[in-house]
1. Could you compute the FRET efficiency for D61 and L100, with r as their C-beta to C-beta distance and R0 at 35 Å, rounded to 0.05?
2. So how compact is the stretch 7-119: Cα radius of gyration and Dmax in angstrom?
3. Past 21 Å, Cα to Cα: identify those pairs from K46/K201; K28/K201; K120/K152, in the order given.
4. Give the lysines whose C-alpha is closer than 16 Å to that of K99, dropping any in the same chain fewer than 8 places away, or say none.
5. Can you pull out the trypsin sites (Lys or Arg not before Pro) in the stretch 84-162 that DSSP calls coil and that have at most 16 other Cβ atoms within 10 Å?
6. Would you mind checking which residues have amide H under 5 Å from G87's amide H? H placed 1.01 Å from N; only 5 or more apart, or other chain.
7. Need one number: nm distance between label points at N242 and K46, each 7 Å from Cα along Cα→Cβ, rounded to one decimal.
8. What distance in nm lies between label points placed 7 Å from Cα along the C-beta direction at K28 and D138?
Amino acid sequence: MSTTINKEEIQKFSRLAEDWWDVNGKFKPLHMFNPIRIEYITSYIKKYFNIKNEKSNFLKDLNILDIGCGGGLISEPLARLGAKVTGIDASEKNIKVAKLHSEKSGLHIDYQNTSPEKLKSFEEFDIILNLEIVEHVDNVGLYIKSCRNLLKKNGLMFTATLNRSFSSYVKAIIGAEYILRWLPIGTHDWNKFLKPEELEKLLFDEKFTTLEIMGLKFNPFLSKWKKSKDLSVNYIVVSSKN
């Protein structure tokens, strides 16, 4: 069976698994990144599904799949907002960490050590999250096709990744890994980054419609991320299944 799993990438993140919930540890950049990602995703969900509920559990009627969930940094906040969350990751260590943390937090999240092409939940999910994952998989085409099989018709998908640009090489590789040491050296392979038009084409080929592309930019002076029209480094594509 064809697979999207890149064993070297899985081993890399498995070695870091214990650090997922250390806000000052090796995943500190993701903890800094999380607020803007959650704000953007939840705002778009409310708009797309026309949710008027202002209560804290406004995601209660939605079934969300978080692919490459790691230690659960996105799964947990969405579960707290009422969503029924399934988190999958090809690293068994990551899933063990995620399960343990969600139990301590009193949250029910269905964590599974698997990959999207192996999941049998056909057309079960209202929303799929691919956040900083497509640059770490083998066979992106198969990956997106697998997502299509799991998403309901007119379902929403968020795909966040890095552009293959000079700016991303300087900022995400040289800056983040070698100078600032935000990430372990070798976290990213620049050659696996996707240009927005390449990702759009892959989505179009699997009958997804691109609804919006938003850049995410880091302000070093405020140590905060913000939404931006600049797609040169981090960006997120919002698409729906036709």
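What follows is calculated from the coordinates using simple rules that are stated; it is not laboratory data. In this text the structure is predicted, and so the values were computed from the model without any measurement. Here the Cβ is made from the backbone with ideal geometry for all residues, glycine too, and neighbour counts use every protein chain on show.
1. Result of the calculation: an efficiency of 0.80.
2. Gyration radius and largest Cα-Cα distance of the stretch 7-119: 14.3, 44 Å.
3. K46/K201; K28/K201
4. Partners found: K84.
5. K120
6. For G87, the qualifying residues are D66, D110, Y111, Q112.
7. That separation, rounded to one decimal, is 3.1 nm.
8. The two pseudo-label positions are separated by 3.4 nm.
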